[in-house]
1. For ASP136, put the label point 7 Å out on the Cα→Cβ axis and report which residues of the stretch 212-250 keep their amide N under 11 Å from it.
2. List every residue whose amide H lies under 5 Å from the amide H of GLY220, counting only residues 5 or more places away in sequence or on a different chain, with H placed 1.01 Å from N in the peptide plane.
3. Which of the GluC sites (Glu not before Pro) across the stretch 80-144 are loop residues per DSSP, with 12 or fewer other Cβ within 10 Å?
4. Using label points projected 7 Å from each Cα along Cα→Cβ, tell me how many nm separate ASP128 and VAL259, to one decimal.
5. Which value in nm describes the separation of the simple spin-label points at MET1 and GLU23, placed 7 Å from the Cα toward the beta carbon?
6. Against the 2.2 N^0.38 Å scaling, with N counting residues, where does the stretch 1-114 land? I'd like the Cα-based Rg ratio to two decimal places.
7. Taking a label point 7 Å from the Cα of GLU99 along the Cα→Cβ vector, which residues of the stretch 280-295 have an amide N closer than 13 Å to it?
8. Would you grab the residues whose amide H sits under 5 Å from the one on ILE67? Only those 5+ places off in sequence or on another chain, please, with H modelled 1.01 Å from N.
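The values are calculated or read from the model by the stated rules, or taken from the named source; none is laboratory data. Keep in mind that this is a model prediction, so the values were computed, not measured. Quick reminder, even Gly has a Cβ in these numbers, built from the backbone with ideal geometry, and neighbours come from all protein chains shown. All accessible areas refer to the heavy atoms of the entire protein, side chains included, with ligands and DNA or RNA removed. Shrake-Rupley method; radii C 1.70, N 1.55, O 1.52, S 1.80 Å.
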Amino acid sequence: MSLNVALIGAGAWGIRILAALLELNECSVVGVSDPAADALRRAVGLGARGVALNDLLGSTGVDALFIASPPALHAEHALLALRAGKHVFVEKPMALRIEDAERLAAEAAKRSLVISVGHILLYHPIADAVGAALADSRLGELTRWWSERSGSPGRRRSEDAWWTLGPHDVALMFHLLGPPRQLWAKRFGVGADNRVECGFWFDSGVQACIRVCTDGSFEGRAVRLEGTQAEFEVTDCGTSIEACWRASSQEPVLMTKPVENPLRAEIAAFLHAVKEGCRIPTEATAGVEVTRILELGDLSAKRGAPISLASQGIDQNVRNAAPSWARSVGFRLRL
């Protein structure tokens, strides 16, 4: 069965979603909506048909809507789509407020609809590599998780490193480690050129750090795990990933794996979930928790203190116990 799908938002990322949809046999693109004439013209150039948003929402011939509008409109457009009876694929972030994310999840559940969030890193070879390393006896017990991700300096002034880049690594960390107990974020810079560094504490004793930037202060996309017996590091090189095991008594073990098309894999998983009713790692419940972590990271940075995810209150004990790697603004991956 081929699904009829439509796209809301044909900007830089939306046009990539459209290209991936047009390559898949599992669906037919029946329309694209975007108020910007240039964006819509690009979509039409790929073979899509421009359709007004209200017409897409009201059409009985649309099974699912892909939402790639600006982040401030994600929740609004997703809610409209769900209330119109459409399955939803919404780009990250799912919403900019936890209340909106929870509303979307509740609406999808009430109507027995699938909602998937564009946490593309979960379909990237990095996710497989990190998951396999966590299960590998060579690592021993995990003690620390480090990740960093840089974007291009001078991005649009409405973009923020934490909300634009952070969802990737937060989603991966949450998927593999579960929810943290506390977090503490620090923000450097304003506008399009900024950097955020966030430390996390887990009930298991694991500590984690995520760094994201659009200010050019560092370059790279990588995850490093520190265990009681070894370290594992994986780097995104664009068309491939490079992974390395390091143990004090052994020579480093290097591995390389090509990156195929994680966006296509992510979309195919959503379409399969719509058809078969199966679970996917990017479903609404995960999107809600990632939004919660992002929003509380913002709150922590504003307050200049740790936040407990359980109580959403400041935990002074964690602040006093914060190790030097979390207190320092200079901590970073050894790449």
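1. 225, 230-234, 243-247
2. For GLY220, whose amide H was placed from the backbone, the distant partners under 5 Å are SER150.
3. For GluC sites (Glu not before Pro) across the stretch 80-144 that sit outside H, G, I, E and B with at most 12 neighbouring Cβ atoms in 10 Å, the list reads GLU141.
4. 1.4 nm
5. 2.6 nm
6. The reported ratio for this selection is 0.99.
7. none
8. ILE8, PHE89, VAL90, GLU91
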